[in-house]
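Student: Structure in C-alpha cells, see below.
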Amino acid sequence: MNKVFIIGLPRTGTTSISVAMLDYGFKVAHTAYTQEAFHLADIVSDAPCFSDYQQLDKLFPGAKFVYLERDLSLWIPSMQMLINKMKTQLDPEAGIFNPVLKRSFIDTFKLTGTAEPDNAAHLEECYLQHKQQVLEYFAGRDDLICIDISHKDSLSELLGFLGVTYEGEPQFPHLNIGRKVACWKEHKHPNKVNANSAGPMHRKFFDYAAKR
C-alpha cells in the first residue's frame, strides 16, 4: 500500500490516531528518525512528518496525508506544557533528543532567536502558519484529509479516506491527556515500528535533511 503521513502538529492527537491505526492492520511509527523506519511503516506520524511533508511527498509518490486540527484554546496550553517539558533537550547543541526531532521542533516552532517558545501568541502564530502552508501546498489535490479527532465521525472519515472497511461507529481513543506524553511507549502492539529502526543504511536519515 502507499504510505500515509500524519502531518498534524504535536498535541493534536498524533498518538491517538497512531494507536487507532494499529488495530486496523497498519504498521505504524509514531515519529521516525531513520530511512528504515519509514520503509517499514505503513503510517508515520508526528516528527518529522509535520515539518517535512513536502520532502516526503516527493520521496513517496502516491502517499496520502492526514492533517489534524485542534481547537486553539485546547492546543495552546497543551503545547505550552510540552515545550516546557522538552525545551532543555531540544537545545541544538546540548539537547539529547534525536537530531531529526530537534530540527522539526526548532524549524516549526522557531525555537532559536528571540522568540519565547511557550508564549501563547507565538504558538498560535506557529499553528496558523503551519496550517496555512499545509493547505496551500495541497490545494487542488485529493490526497489530503483534514480531521479533528474530537469529532464523532472523524475516524470513520479517515477510514473511508484510506479505503478501510469497518463496522459500527469507530471512535478514536483519547490518549496523552493533560500532562501525559508517553502513551505510545506504554502501548504494546506487534505492529509498532521503532522510530530508530536500523536497516541496510543503518540508522541513516534521508539526505534531504543534510541539504536544507
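Student: Going by what's in this entry, would S16 be described as touching a residue at least 60 places away in the same chain (Cβ under 8 Å) and either of a type in the set (V, I, T) or crowded, with 21+ Cβ neighbours inside 10 Å (or both)? Even if it seems obvious, please write down each step before you answer.
Tutor: Working: touching a residue at least 60 places away in the same chain (Cβ under 8 Å): yes; either of a type in the set (V, I, T) or crowded, with 21+ Cβ neighbours inside 10 Å (or both): yes.
For S16, the condition - touching a residue at least 60 places away in the same chain (Cβ under 8 Å) and either of a type in the set (V, I, T) or crowded, with 21+ Cβ neighbours inside 10 Å (or both) - is met.
Student: Please name all residue pairs, on different chains or six or more residues apart, with Cβ atoms under 7 Å, provided the first residue is in the stretch 148-170 and is at pLDDT below 95 and of a type in the set (S, T, Y) and the second residue is open to solvent by less than 20 Å² (accessible area, probe 1.4 Å) and part of a helix (DSSP H, G or I).
Tutor: Y166/L159
Student: Determine the pairs where a residue that is more than 16 Å from H174 (Cβ to Cβ), located within the stretch 70-89, has a partner that is in a helix (DSSP H, G or I) and open to solvent by 60 Å² or more (accessible area, probe 1.4 Å) with Cβ atoms under 8 Å apart, the partner being 6 or more residues away or on another chain.
Tutor: L72/E124; I76/E124
Student: Within the stretch 118-125, is there a residue that is surrounded by fewer than 14 Cβ atoms within 10 Å (Cβ to Cβ) and closer than 24 Å to A195 by Cβ?
Tutor: no
Student: Within the stretch 27-45, restricting attention to residues that are open to solvent by 10 Å² or more (accessible area, probe 1.4 Å) and closer than 19 Å to P10 by Cα, which residue is farthest from the chain's Cα centre (by Cα)?
Tutor: Result: Y33.
Student: Within the stretch 56-70, how many residues turn out to be crowded, with 21+ Cβ neighbours inside 10 Å and either hydroxyl-bearing (S, T, Y) or on the phi > 0 side of the Ramachandran plot (or both)?
Tutor: Counting residues in the stretch 56-70 that are crowded, with 21+ Cβ neighbours inside 10 Å and either hydroxyl-bearing (S, T, Y) or on the phi > 0 side of the Ramachandran plot (or both) gives 1.
Student: For T88, only one of the following conditions fails: (1) in a loop (DSSP other than H, G, I, E, B); (2) of a type in the set (V, I, T); (3) crowded, with 19+ Cβ neighbours inside 10 Å. What is its number?
Tutor: Going through (1) in a loop (DSSP other than H, G, I, E, B); (2) of a type in the set (V, I, T); (3) crowded, with 19+ Cβ neighbours inside 10 Å one by one, T88 breaks only (3).
Student: Determine if the stretch 123-137 includes at least one residue that is touching an Asp or Glu at 6+ places or on another chain (Cβ under 9 Å) and either under 17 Å from F50 (Cα atoms) or in contact (Cβ under 8 Å) with a residue 40 or more places away in the chain (or both).
Tutor: Yes, the stretch 123-137 contains at least one residue that is touching an Asp or Glu at 6+ places or on another chain (Cβ under 9 Å) and either under 17 Å from F50 (Cα atoms) or in contact (Cβ under 8 Å) with a residue 40 or more places away in the chain (or both).
Student: With respect to Q171, determine if the residue is under 26 Å from Q55 (Cβ atoms), polar (S, T, N, Q) and either in a loop (DSSP other than H, G, I, E, B) or open to solvent by 30 Å² or more (accessible area, probe 1.4 Å) (or both).
Tutor: Spelling it out, it is not the case that Q171 is under 26 Å from Q55 (Cβ atoms), polar (S, T, N, Q) and either in a loop (DSSP other than H, G, I, E, B) or open to solvent by 30 Å² or more (accessible area, probe 1.4 Å) (or both).
Student: Still on this structure, please answer the following. Run K152 past the list (1) open to solvent by 20 Å² or more (accessible area, probe 1.4 Å); (2) within 19 Å of the chain's Cα centre (by Cα) and report the number of the one that doesn't hold.
Tutor: All conditions are met except number (2).
Student: Please work out if K131 is among the charged types (D, E, K, R), within 27 Å of Y208 (Cα to Cα) and either in contact with a helix residue (DSSP H, G or I) (Cβ under 9 Å, 6 or more places away or on another chain) or open to solvent by 20 Å² or more (accessible area, probe 1.4 Å) (or both). Let's see the steps before the verdict.
Tutor: Values: among the charged types (D, E, K, R): yes; within 27 Å of Y208 (Cα to Cα): yes; either in contact with a helix residue (DSSP H, G or I) (Cβ under 9 Å, 6 or more places away or on another chain) or open to solvent by 20 Å² or more (accessible area, probe 1.4 Å) (or both): yes.
Spelling it out, K131 is indeed among the charged types (D, E, K, R), within 27 Å of Y208 (Cα to Cα) and either in contact with a helix residue (DSSP H, G or I) (Cβ under 9 Å, 6 or more places away or on another chain) or open to solvent by 20 Å² or more (accessible area, probe 1.4 Å) (or both).
The values are calculated or read from the model by the stated rules, or taken from the named source; none is laboratory data. Treat the numbers as computed from the prediction; the structure is a model and nothing was measured. With ideal geometry, Cβ positions are generated from the backbone for all residues, glycine too; neighbour counts draw on all protein chains shown. Just so you know, the surface numbers come from the protein's heavy atoms only, side chains and all, with ligands and any DNA or RNA stripped out. Shrake-Rupley method; radii C 1.70, N 1.55, O 1.52, S 1.80 Å.
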